[in-house]
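A quick write-up on the structure given underneath.
The values are calculated or read from the model by the stated rules, or taken from the named source; none is laboratory data. Owing to the predicted nature of the structure, the values given are computational and were not obtained by experimental measurement. Quick reminder, even Gly has a Cβ in these numbers, built from the backbone with ideal geometry, and neighbours come from all protein chains shown.
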Number of protein chains: 2
Amino acid sequence: AKKQAASATTIFGKRGMSLEEELNESNQYYLAKEIAVVHKKPTPIQIVKVDYPQRSQAVIKEAYFKRPSTTDYNGVYHGHYIDFDAKETKSKTSFPLHNFHEHQVKHMDECLKQGGICFALIRFVVLDRIFVYPASNLITFWRAQMTGGRKSIPLDAVVADGVEINYQLNPLIPYLDGVDELIARTQQGGN
Amino acid sequence: AKKQAASATTIFGKRGMSLEEELNESNQYYLAKEIAVVHKKPTPIQIVKVDYPQRSQAVIKEAYFKRPSTTDYNGVYHGHYIDFDAKETKSKTSFPLHNFHEHQVKHMDECLKQGGICFALIRFVVLDRIFVYPASNLITFWRAQMTGGRKSIPLDAVVADGVEINYQLNPLIPYLDGVDELIARTQQGGN
Ligand SMILES: [Mg+2]
Ligand SMILES: [Mg+2]
């Protein structure tokens, strides 16, 4: 499966696009086909100084990046609330938990409690493998870490509990296939 | 009802807070009580120039406001995807449609098709009345306007199809009461 994914990537993906750009393109496809409405949230900025020149648009002259209080992506798919963050790692063996912040994990936990479908979209850059990994599993590892557990999620665990997504032509990253699987699990009583 | 709402406002609201601040406070209440997870999206910014001074945080030196491609608020409530924008008008008789942009109305239409609960939260500032007004009705007025229809939604129509929300102590703007009503209508086959 790895070899296949790598060759598909050569054909369709990696046209100098970042994971974010590939997801934006995938979301545009889903939107155009009326399959789902998912958008990346803008980066939160603390604006300090704005100039309002005559006859032209306002210019922000001083601003700072703020830490996001939620995940980056959310939207609606077949009546389901979808919420996720996309993360990349260069590790070949595990996904380091420091890629997430406490408030993001808390946000996913809050959304799960409201019946949302929440996950991390994880790309192992070197392995060229992408997974939809359920927030419930991520939260378990996150909490274990706080009480002396390991600081990363082993690839084996990501493979076991996640859903692998292979590049294709349209959408580039068909992650809603993974979401379908998570919805099916929820309806079977798991999460 | 008008007089009552005005006096409640004097007590609880209007502590120099904007509608956005009042909604943020309401959303914080809903979040803390595990009733719903709704956040305002950050304002989208086009960043042109960033300085990275040594030993201190990045400073954005030139940036511009971008037109948002979606509404301002979304989230999850009892398994439902919630999506809305908050708008104020000083008119006493109608809500001017120019408060919305084409892409926002399109976004609400897209979300409705996916089974989301979409609406405008409209405040008539002078009347001191707030309504949850269904996106489906807004879209009808919007399209009629394009073919020669009126350029505003009469207050009577907002009263007839919307749900009036009265200020209270916690949350300040209990707009989910209006959402409950919209969900009930959807389940009765309307929208
Ligand atoms: Mg992110
Ligand atoms: Mg707005």
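Summary of values
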read-out	value
Filter result for the condition that a residue is within 17 Å of the chain's Cα centre (by Cα), among the hydroxyl-bearing types (Ser, Thr, Tyr) and over 25 Å from A:ILE35 (Cβ atoms), over A:THR93, A:THR89, A:THR140, A:THR147	A:THR89
Selected residue (criterion: modelled with the lowest pLDDT) from residues of region B:64-103 that are polar (S, T, N, Q) and within 15 Å of ligand 2 (Cβ to nearest atom)	B:SER69
Of all residues in region B:29-38 being at the interface with chain A (Cβ under 9 Å from one of its Cβ atoms) and in contact (Cβ under 8 Å) with a residue 40 or more places away in the chain, the one that is surrounded by the most Cβ atoms within 10 Å (Cβ to Cβ)	B:VAL37
Filtered residue count, region A:39-60, keeping only those that are more than 14 Å from ligand 1 (Cβ to nearest atom) and more than 7 Å from chain B (Cβ to nearest Cβ)	11
Flag if A:SER26 is more than 10 Å from every other protein chain (Cβ to nearest Cβ), assigned to a helix (DSSP H, G or I) and not acidic (Asp, Glu)	yes
Filter result (away from ligand 2 (no atom under 16 Å from the Cβ), in contact with a Ser or Thr (Cβ under 7 Å, 6 or more places away or on another chain) and not hydrophobic (A, V, I, L, M, F, W, C)) within region B:104-137	B:ASP128
Condition check for A:ASP72: among the acidic types (Asp, Glu), more than 16 Å from ligand 1 (Cβ to nearest atom) and more than 10 Å from every other protein chain (Cβ to nearest Cβ)	no
